[in-house]
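All remarks here apply to the structure that follows.
The values are calculated or read from the model by the stated rules, or taken from the named source; none is laboratory data. What you see is a predicted model; the values in this text were computed from it and never measured. We place every Cβ from the backbone using ideal geometry, glycine too, and count neighbours over all the protein chains shown. What goes into the accessible areas is simple: the full protein's heavy atoms, side chains included, and nothing from ligands, DNA or RNA. Shrake-Rupley method; radii C 1.70, N 1.55, O 1.52, S 1.80 Å.
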Amino acid sequence: MLPDLLSIASSGTGIFAAGRPGFSLRAADARVTVRSLGGLFIEPWPEIDARRKARVLAPDLRRSGKQVEGREGAIPFFDRADYTFGLTGEDGPVKADLLHRGYLRVLSEAAEETGSQRLRQALEALSDARAVSLAVAEAKSRFDLGQRSVVAVYDDEGPLFDDTDFTIFWQDRVSLEIVDAKASRQQCSVCGTADQPVVSKFPSEVVLTGQKCQITSFNAASFQSYGKEQTRQASICVRCASALPAAMQAMLQPGSGYSRVVYRHTPKSGASDPMKSLTAIFWVEPPPASALDGLDWEAAFADFDMEGTLSASIGLVETQDLQEGERTATPEPEQILSLLQGIADGADPRRAKAIDAAAFHVVLLAPNTGRLIVREHLRRNITPMLQSAGRFLRAARGFRFDEKDRVLVRRPLGVASLGRLLHQRGTESPTLVRSLLRTAMTEETPPVALRQIAVSRLVGMLVKGQRDDAVQDAATAALLLHLSYTNSRYRTMAESNEITEDQVDHMTSAAFHSGRLLAVMDAIQRTTDPKIPKTSAEKIVATAAAFPARAMVPLQKRTIAVYVPKVADKYPGLARLYGAALDATVRRAVECGGIPDHLDASQQSEFLAGFSLQRELMRREQEARRLRRENPTNDAK
């Protein structure tokens with residue numbers, strides 16, 4: 001994965017500009033300007049919007065251990081206020097004074113080594129205790145400036161942290177600090193370059209769900225490999241150690257367009273466990289030069305959000321959108337493919353060849369106490385991936401009754417939504433999301449766990465009399481998805497835009513038609529008493545799914561003797577509909593071998609699929625009858 005990521009991390013464009021040692025994209029809380037006529041002026045750092053601050057390429061360094069004299073870990077021109085100004089806070093004046101002295105010492109070394117008059121003037125201004133005190137007091141009267149507020153330093157020419165002389169000084173200093181002086185020069189395990197100095201620590205960290213993580217660890221015996229210690233078991237050169245964390249952090253920033261939280265751990269009580277959450281980073285791997293024929297890939301697709309479009313095509317966006325109150329529909333992969341084809345069919349014929357040769361990467365990450373866990377890394381060429389995603393999303397669709405438009409619709413559910421909706425609090429696991437992602441991208445058969453979880457969620461809700469359309473929708477989608485990959489008889493029906501009575505009736509599974517029969521009996525009793533919390537069918541659904549004949553025959557007799565006459569008295573038209581449905585489902589069950597005595601786990605999913613589909617078909621028919629009553633002129637036409 002790291003060599004693949006390095007290829008875009010080293011591009012030096014856009015969010016990947018932070019690929020040099022000691023620099024990363026950072027945001028500050030305040031900026032101080034060193035005025036040429038003397039004095040300092042402090043103002044708030046600019047914000048993009050209410051939730052995001054502007055980020056710039058700035059010096060950075062990962063601090064570790066206790067700060068002592070000579071090892072304060074100061075970062076000139078982009079550090080906290082206790083370093084920059086000696087601002088006292090909860091750590092007390094002695095600690096603030098120590099940090100400020102360290103800051104000024106590094107700045108003095110920079111001015112001395114570079115001979116820069118500009119750096120010298122900044123050093124003198126920040127060393128003037130009276131001027132600093134006045135500027136801090138004035139700033140505090142206007143906005144919140146605390147000990148840990150990050151302060152960027154400017155002068156009348158612009159940002160001092162972007163000064164050419166300082167940049168060279170800082171890169172050299174950080175490179176020397178992170179290199180393992182005791183280790184011999186080795187081949188980098190990421191880029192493969194031979195005879196390189198190797199690092200003993202990373203210059204920056206990756207912050208994931210609030211935890212600071214390293215890509216790999218050097219400093220503990222538990223990370224030894226083949227008996228080799230420290231950098232000998234994971235040799236990484238300075239360039240890779242700088243570029244990779246910076247690139248990952250840039251991708252993980254909100255709004256970057258390269259990442260999504262696809263699964264959040266939400267326990268019944270207590271704090272969530274970040275290890276059980278999943279964040280996806282994704283990117284497009286440009287085609288090799290041989291497939292470009294001189295085409296400028298970046299320029300050719302500069303106006304097209306390739307990463308955003310492809311991540312949406314497999315449903316990585318759903319969880320985040322729903323949590324923010326949005327209901328952006330997952331697009332059909334055929335729509336994405338048509339869009340890409342339209343772009344490929346532009347004036348330059350080389351575009352089509354380039355798209356076919358490009359690949360899409362998805363990496364699922366989780367933090368683990370200072371280390372970064374790669375849960376999954378998938379890479380696939382764009383065109384076959386979209387074909388796989390098309391099959392996945394066509395099958396992974398449940399029914400949703402639109403209360404506003406009063407119609408039944410089928411909506412694709414992506415990887416993230418299925419994973420979120422199917423898991424119960426307290427039993428979450430990221431494994432299901434990983435498996436669904438593999439199915440969506442590679443057409444790998446969905447795991448048995450998908451069927452088990454869908455059955456458990458659907459039966460649990462029915463038996464308890466719970467009403468959660470979103471979860472029932474997801475459970476139905478999961479059942480159809482699993483059946484479409486494991487049983488060829490279900491694929492055509494599962495991938496249809498609209499499932500019809502004829503399609504359902506032509507299925508050849510006794511388990512499936514037994515489930516349909518239970519749904520008909522459920523609808524009949526529900527009609528006699530719409531306010532009933534649970535029907536008899538819902539109460540016995542768990543038993544009926546395992547032992548249909550034993551559970552359903554008594555209910556069938558009661559339905560015919562008690563509930564059908566009640567419906568006939570109030571709703572003669574519905575009684576005829578229900579009577580025909582009873583006859584049809586019983587007839588098809590008998591033709592397929594009769595109502596089974598016992599069903600195995602796979603057949604239970606067929607039973608529940610039949611139950612869910614028949615429920616929706618009858619709901620649709622009832623809605624059609626209601627509309628005909630409200631608009632009788634439509635029938636006349």
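For the reader, a short list of remarks on this structure follows.
- Percent of Cα pairs exceeding the 25 Å cut-off, where the set is region 77-213: 42 percent
- Whole-percent P(r), region 1-147, all Cα pairs, 5 Å bins from 0: 2, 9, 15, 19, 20, 16, 11, 6, 3, 1, 0.
- Nitroxide proxy distance, nm - points 7 Å out along Cα→Cβ at ASP273 and ASP356: 4.7 nm
- Sequence ranges 241-247, 451-457, ranked by mean other-Cβ count within 10 angstrom, highest first: 241-247, 451-457
- Area of GLU501 that stays accessible when all protein chains are in place (1.4 Å probe, Å², to 10): 90 Å²
- All C-alpha pair distances within region 506-636, sorted into 5 Å bins from zero, spread as 2, 11, 21, 23, 19, 12, 7, 3, 2, 0 percent across the bins.
- Solvent-accessible area of CYS191 with every protein chain in place, 1.4 Å probe, in Å² to the nearest 10: 40 Å²
- Nearest-0.05 FRET efficiency for ASP165 and GLU443, computed from C-beta distance (R0 45 Å): 0.20
- Accessible surface of MET618 - all protein chains present, 1.4 Å probe, nearest 10 Å²: 10 Å²
- Förster radius 30 Å - calculated FRET efficiency between SER7 and ILE373, Cβ distance, rounded to 0.05: 0.85
- Leading residue at positive end of dipole, region 1-252 (Cβ point charges), from GLN186, SER242, PHE23: GLN186
- Under-23-angstrom lysine pairs by C-alpha in region 1-252, whenever the two are 8 or more apart or on separate chains: 11
- Projecting label points 7 angstrom from Cα along Cα→Cβ for ALA470 and ARG619 puts them 1.6 nm apart.
- Volume per residue that the Cα convex hull of region 1-252 spans, once the total is divided by residue count, Å³: 148 Å³
- Here region 105-165 is treated as an ellipsoid with the same Cα gyration tensor; its semi-axes, largest first and in whole Å, are 24, 13, 11.
- Contour excess over end-to-end distance, with Cα ends at LYS182 and ASP128 and 0.36 nm allotted per residue: 15.4 nm
- Between VAL553 and ASP293, the FRET efficiency from the beta-carbon distance, with R0 = 56 Å, is close to 0.20.
- Accessible area ranking (1.4 Å probe, heavy atoms, ligands and nucleic acids excluded), largest first, for SER313, SER200: SER200, SER313.
- Ranked by the mean number of other Cβ atoms within 10 Å per residue, highest first, peptides 85-95, 607-617 order as 607-617, 85-95.
- Region 23-67: C-alpha gyration tensor shape, a/c 1.5 cut-off, then a/b vs b/c: oblate
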